[in-house]
Amino acid sequence: MTTSKIFLQIDNITKRFGFTLAVDNVSLSIYRGEIFALLGSSGCGKSTLLRMLAGFETPTTGRVLLDGQDVTDLPPYERPMNMMFQSYALFPHMNVWDNIAFGLRRDGVAKDELNQRVEEMLQLVQLQKFAKRSPHQLSGGQQQRVALARSLAKRPQLLMLDEPLGALDKKLREQTQVELVNIIKQVGVTCVMVTHDQDEAMTMADRIAVMSEGSLLQVGTPNDVYENPNCRFVADFVGNVNLFDGEVSVYEPDHVVVSSPVCDFYVGHGITGSLGMPVSVALRPEKVLLSKDKPEGPHNAVACVLKDWSYFGSFTSYGLRLSNGQTIKVSVTNADRDQEAIEEGQTVWAHWQDNAMVVLTQ
């Protein structure tokens, strides 16, 4: 649980490499004890921003403040921070115990305290039995925990994770996400992580910042960013979404209607905008219902033809072709799925509630 105290302040940070603008005037406030994710595709500037926090890159303009102290010009070794890289960067010629102890030895920590801290870290990541093993004798998940233990052994005020689980396979990555969050929360360290994996960010982070082309597009809790995206890019990048272009044909304080070539979208809340303005409607696949008969009412229903479907165990994903040729995705949990299967080429009705949509103006 985070507190309201701002711990890390990123103040109008810009970074240029020659004529390339890598980070464009980014400002962020990160709270003490928070796990914060910078989420974006390759080349969006998230890793450059993380490297500026760590001191490996110098901002072109702007400041970094940690607990009120300006650390912008401090070299990495003078910052009370530690970074864990995607490759883990474990020393192959050292065993687990010595890998964890490495940074403490370099800092001249007394032997008794060093031993105590290493043992604490081994217990924290549950690797006591593996202390004498070399990194190559460990699984990917175990290596990741060694790297985390080494990063936490120095008791940093800020922990930075660069694609922390990118080297793991899918099932191990999902398992390790929960382990990693539990360890970080147990220690109480503030954490900033960089990832291109939306599931990783949604699972691990208290808040997420979505980045594109060096800029922050939206900052919020995973629920906020997923349920209330503020632009087409965020809606499309975070999760699966169906997007429909149209214009506002009814504009009232408590509802709007967006007319499109697909259908009329009745949205059960007001928006900031005006009559006739062009907008996009975002509709998540899991919020669409399927039926073989036409639903009642003039809005929020469209006839479509089943184009394809994929079975994923817990849910089935349907691809449906509309009359204008557009394809929409519908996800139905297999607990709710009609046992009478829909066949490819069959006409069905897709319909949804008036609170299922988000209207995007940009």
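Give me the percent relative contact order of the chain, please, defined on Cα pairs under 8 angstrom at least 6 residues apart.
Values: 746 pairs, mean separation 53.0, N = 362.
It rounds to 15 percent for the chain.
Taking amide hydrogens as modeled 1.01 Å from N in the peptide plane, which residues meet the under 5 Å criterion relative to Asp67, leaving out close sequence neighbours?
Leu8, Gln9
What does DSSP give for region 104-222 in terms of the percent of beta bridges that are antiparallel, rounded to the nearest 5?
On the way: 5 of 10 bridges.
Around 50 percent of the beta bridges assigned by DSSP in region 104-222 are antiparallel ones.
Taking every DSSP beta bridge that has both residues in the chain, what percent is antiparallel when rounded to the nearest 5? Can you show the working numbers first?
Values: 60 of 78 bridges.
Antiparallel: roughly 75 percent of the beta bridges in the chain.
Output ³J(HN,Hα) for region 191-208: one whole-Hz value per residue in order, computed from phi by the Karplus curve 6.51 cos²θ - 1.76 cosθ + 1.60 with θ = phi - 60°, and x for Gly and Pro.
9, 10, 10, 10, 7, 9, 8, 4, 5, 4, 5, 5, 6, 9, 8, 6, 9, 10
Relative contact order for region 240-360: what is it in percent, counting Cα pairs under 8 Å that are at least 6 residues apart?
Details: 277 pairs, mean separation 34.6, N = 121.
Relative contact order for region 240-360 comes out at 29 percent.
Pairs to check: Lys294/Lys329; Lys111/Lys132; Lys129/Lys170. Give those whose C-alpha atoms are more than 22 Å from each other in this structure. List each step's numbers first, then the result.
Numbers: Lys294/Lys329 19 Å; Lys111/Lys132 18 Å; Lys129/Lys170 26 Å.
Over 22 Å apart, Cα to Cα: Lys129/Lys170.
Can you spot the aspartates and glutamates whose alpha carbon is less than 14 Å from Lys5's alpha carbon? Ignore those fewer than 8 places along the same chain.
By straight Cα distance, Lys5 reaches Glu34, Asp67.
I'd like to know how region 210-326 sits against the 2.2 N^0.38 Å rule of thumb: what's its Cα Rg over that expected value?
Values: Rg = 15.8 Å, N = 117, 2.2 N^0.38 = 13.4 Å.
Output field value: 1.18.
Just to confirm the number: angle between the C-alpha axis of helix 140-153 and the first principal axis of the chain, 0 to 90 degrees, nearest 10?
Computed tilt is about 60 degrees.
So what's the back-of-envelope 222 nm ellipticity for the chain, counting only DSSP H runs of four-plus at -39500 (n - 2.57) apiece and dividing by all residues, rounded to 500? Provide the component values of the computation, followed by the final result.
Values: 8 runs with 85 residues, N = 362.
Rounded to the nearest 500, the figure is -7000 deg cm²/dmol.
What whole-number distance in Å separates the alpha-carbon centres of region 23-56 and region 184-213?
The distance from the Cα centre of region 23-56 to that of region 184-213 comes to 10 Å.
Treating the angle as unsigned and between 0 and 90°, give the value, to the nearest 10°, between the Cα long axis of helix 170-187 and the longest Cα principal axis of the chain.
60
Calculate the all-directions average of the projected area of the chain's alpha-carbon convex hull, and give it in nm². Walk me through the intermediate numbers first.
Details: hull surface 90.0 nm².
With the hull built on Cα positions only, its mean projection is 22.5 nm².
Rounded to two decimal places and with Rh computed the Kirkwood way over Cα pairs, what is Rg over Rh for region 95-168?
On the way: Rg = 12.0 Å, Rh = 12.5 Å.
My calculation puts Rg/Rh at 0.96.
Hey, got a sec? Which trypsin sites (Lys or Arg not before Pro) in region 272-351 land in a DSSP loop and have at most 16 other Cβ atoms within 10 Å? Don't skip to the answer; put the middle values down first.
Working: sites: Lys287, Lys292, Lys307, Arg321, Lys329, Arg337; in loops: Lys292, Arg337.
Loop-located and lightly packed - Lys292, Arg337.
Please report, in debye to the nearest 20, how large the charge dipole of region 6-233 is about its Cα centre when each Lys and Arg carries +1 at its beta carbon and each Asp and Glu carries -1 there. Please list the in-between numbers first.
Working: 24 positive and 26 negative charges, 127 e Å.
Charge dipole of region 6-233: 600 debye, to the nearest 20.
Pull out a ≥ b ≥ c, the square roots of the eigenvalues of the alpha-carbon gyration tensor of region 68-227, then state rounded if a/c is under 1.5, prolate if not and a/b is larger than b/c, and oblate in the remaining case.
Numbers: a/c = 2.09, a/b = 1.39, b/c = 1.50.
Here region 68-227 falls in the oblate category.
Per residue of region 285-297, in order, report the coupling 6.51 cos²θ - 1.76 cosθ + 1.60 (Karplus, θ = phi - 60°) as ³J(HN,Hα) in whole Hz, putting x for Gly and Pro.
x, 6, 9, 9, 9, 10, 8, 7, 10, 5, x, 6, x
In which sequence would Tyr77, Tyr251 go, from the one with the fewest C-beta neighbours within 10 Å to the one with the most? Walk me through the numbers on the way to the answer.
Numbers: Tyr77 8, Tyr251 16.
Starting with the residue having the fewest Cβ neighbours, the order is Tyr77, Tyr251.
Which loop GluC sites (Glu not before Pro) in region 170-264, with loop taken from DSSP, have no more than 15 other Cβ atoms within 10 angstrom of their Cβ? Working shown, then result.
Details: sites: Glu174, Glu179, Glu200, Glu213, Glu227, Glu247; in loops: Glu213.
Of the GluC sites (Glu not before Pro), the ones in loops of region 170-264 whose Cβ has at most 15 other Cβ atoms within 10 Å are Glu213.
Tell me the relative contact order for region 189-315 as a rounded percent, counting alpha carbon contacts under 8 Å between residues six or more apart.
16
Output the 0 to 90 degree angle, nearest 10, between the alpha-carbon long axis of helix 111-124 and the longest principal axis computed from the alpha carbons of the chain.
Between the helix axis and the principal axis of the chain, the angle is about 20 degrees.
Just report the Cα centroid separation between region 132-177 and region 288-345, whole Å.
41
Values quoted throughout were computed directly from the atomic coordinates according to the rules given, and no laboratory measurement underlies them. Nothing here was measured: the structure is a model prediction, and the numbers come from that model. Positions of Cβ are backbone-derived with ideal geometry, glycine not excepted, and every protein chain shown enters the neighbour counts.
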